[in-house]
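S.K.: Before anything else, here's the structure in question.
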Amino acid sequence: MKNLYMDTKPSDWIMKQIKKIKINKERIKVLDFASGYGRHCIALANEKKLITAIDKDQDKLDFYKDYKNIKAICFDLETNEKWPLIKNEYDIVLVTNYLYRPRIKDLTYLVNENGYLLYETFSEGNEKFGKPSNNNYLLKENELISTFENDFNVISYFNGLIKEPKKMIIQRCCLKKKTA
Ligand SMILES: C[S@@+](CC[C@H](N)C(=O)[O-])C[C@H]1O[C@@H](n2cnc3c(N)ncnc32)[C@H](O)[C@@H]1O
């Protein structure tokens, strides 16, 4: 059955950030973390990128598992098991509409030196507009900065109301990994 989220467009912000990022490499490696129905990895698959997409839900991964340049991994990211991902491997890690605080810092080790972490998800205040309304899924103001500032430089940050595609309170942050 067709699901509400299947036709959701990629985030304009994510797509713009990716366009702006200049990495001197033939094929940029992107990790779409908790990739869902693949609105970002499918959009990027048409470009010259090597994409890994990971999600716990095989039904969602089935939408893009056959794309040549997407490696789709079915895995529960919220256990203590080692993630089946390579450390310091990805030029860009993107996380959208997903938050699991107990392991959020582990995202750091996935990004390679000088690579980028693009994070966009709901933040406190969103409960006025609908779901998610549970604090476990809502970032606190500045939370992405305080979580990652030891290892990343902040390139851009926003926390507040957006009106499109619907009214939501979100936080988005583009972070660039510091050199060791
Ligand atoms: C709201 S969707 C967002 C999907 C995608 N990032 C996007 O923005 O379109 C959240 C995704 O997180 C995945 N997810 C939730 N818990 C997970 C877990 N424990 N391990 C892996 N993926 C999980 C869900 O299957 C779902 O696809």
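S.K.: Of the numbered conditions (1) at pLDDT below 95; (2) closer than 30 Å to residue 156 by Cα; (3) in contact with a helix residue (DSSP H, G or I) (Cβ under 6 Å, 6 or more places away or on another chain); (4) away from the ligand (no atom under 12 Å from the Cβ), residue 67 fails exactly one; give the number of that condition.
M.R.: Here residue 67 meets the rest and fails (2).
S.K.: Take residue 127 and tell me if it is touching a Cys at 6+ places or on another chain (Cβ under 9 Å) and either at positive phi or of a type outside the set (Ser, Thr, Tyr) (or both).
M.R.: No; evaluated as a whole, the condition is false for this residue.
S.K.: Would you be able to say whether some residue in region 122-135 is crowded, with 19+ Cβ neighbours inside 10 Å, touching a residue at least 12 places away in the same chain (Cβ under 8 Å), in contact with a His (Cβ under 8 Å, 6 or more places away or on another chain) and closer than 17 Å to residue 172 by Cβ?
M.R.: no
S.K.: When residue 142 is evaluated against the numbered criteria (1) in contact with a helix residue (DSSP H, G or I) (Cβ under 8 Å, 6 or more places away or on another chain); (2) among the polar types (S, T, N, Q); (3) on the phi > 0 side of the Ramachandran plot, which criterion, by number, is the only one it fails?
M.R.: Of the numbered conditions (1) in contact with a helix residue (DSSP H, G or I) (Cβ under 8 Å, 6 or more places away or on another chain); (2) among the polar types (S, T, N, Q); (3) on the phi > 0 side of the Ramachandran plot, the odd one out for residue 142 is (1).
S.K.: Restricted to region 52-69, and to residues that are within 15 Å of the chain's Cα centre (by Cα) and not small (Gly, Ala, Ser), which residue is farthest from residue 112 (Cα to Cα)?
M.R.: 56
S.K.: Applying the selection to region 152-180, what residues are among the aromatic types (Phe, Trp, Tyr) and either exposed (fewer than 12 other Cβ atoms within 10 Å of the Cβ) or closer than 15 Å to residue 121 by Cβ (or both)?
M.R.: Across region 152-180, the qualifying residues are 157, 158.
S.K.: Oh, and also: Would you mind finding the one in 112, 159 that is touching an Asp or Glu at 6+ places or on another chain (Cβ under 7 Å) and free of Cβ contacts under 8 Å to residues at least 40 places away in the same chain?
M.R.: Just a single option satisfies the conditions, and that option is 159.
S.K.: Among 149, 113, which is modelled with pLDDT under 95 and exposed (fewer than 15 other Cβ atoms within 10 Å of the Cβ)?
M.R.: The unique qualifying residue is 113.
S.K.: Within region 131-140, identify whether any single residue is in contact with a strand residue (DSSP E or B) (Cβ under 9 Å, 6 or more places away or on another chain), of a type in the set (D, E, K, R) and assigned to a helix (DSSP H, G or I), and answer yes or no.
M.R.: no
S.K.: Could you tell me whether any residue of region 173-180 is in contact (Cβ under 8 Å) with a residue 12 or more places away in the chain, in a loop (DSSP other than H, G, I, E, B), within 30 Å of residue 27 (Cβ to Cβ) and of a type in the set (Ser, Thr, Tyr)?
M.R.: For region 173-180, residues in contact (Cβ under 8 Å) with a residue 12 or more places away in the chain, in a loop (DSSP other than H, G, I, E, B), within 30 Å of residue 27 (Cβ to Cβ) and of a type in the set (Ser, Thr, Tyr): present.
S.K.: Here is a further query. Just a yes or no: is a residue in region 150-157 in a loop (DSSP other than H, G, I, E, B), more than 18 Å from the chain's Cα centre (by Cα) and within 29 Å of residue 29 (Cβ to Cβ)?
M.R.: yes
S.K.: Moving to a separate point now. When region 10-64 is examined, which residues are found to be under 12 Å from residue 92 (Cβ atoms), of a type outside the set (Phe, Trp, Tyr), within 14 Å of the ligand (Cβ to nearest atom) and not in a helix (DSSP H, G or I)?
M.R.: Listed by number, the residues that qualify are 30, 31, 32, 51, 52.
The values are calculated or read from the model by the stated rules, or taken from the named source; none is laboratory data. The structure displayed is predicted, hence computed values, not measured ones. Using ideal geometry, Cβ is built from the backbone for each residue, glycine included, and neighbour counts are taken over all protein chains shown.
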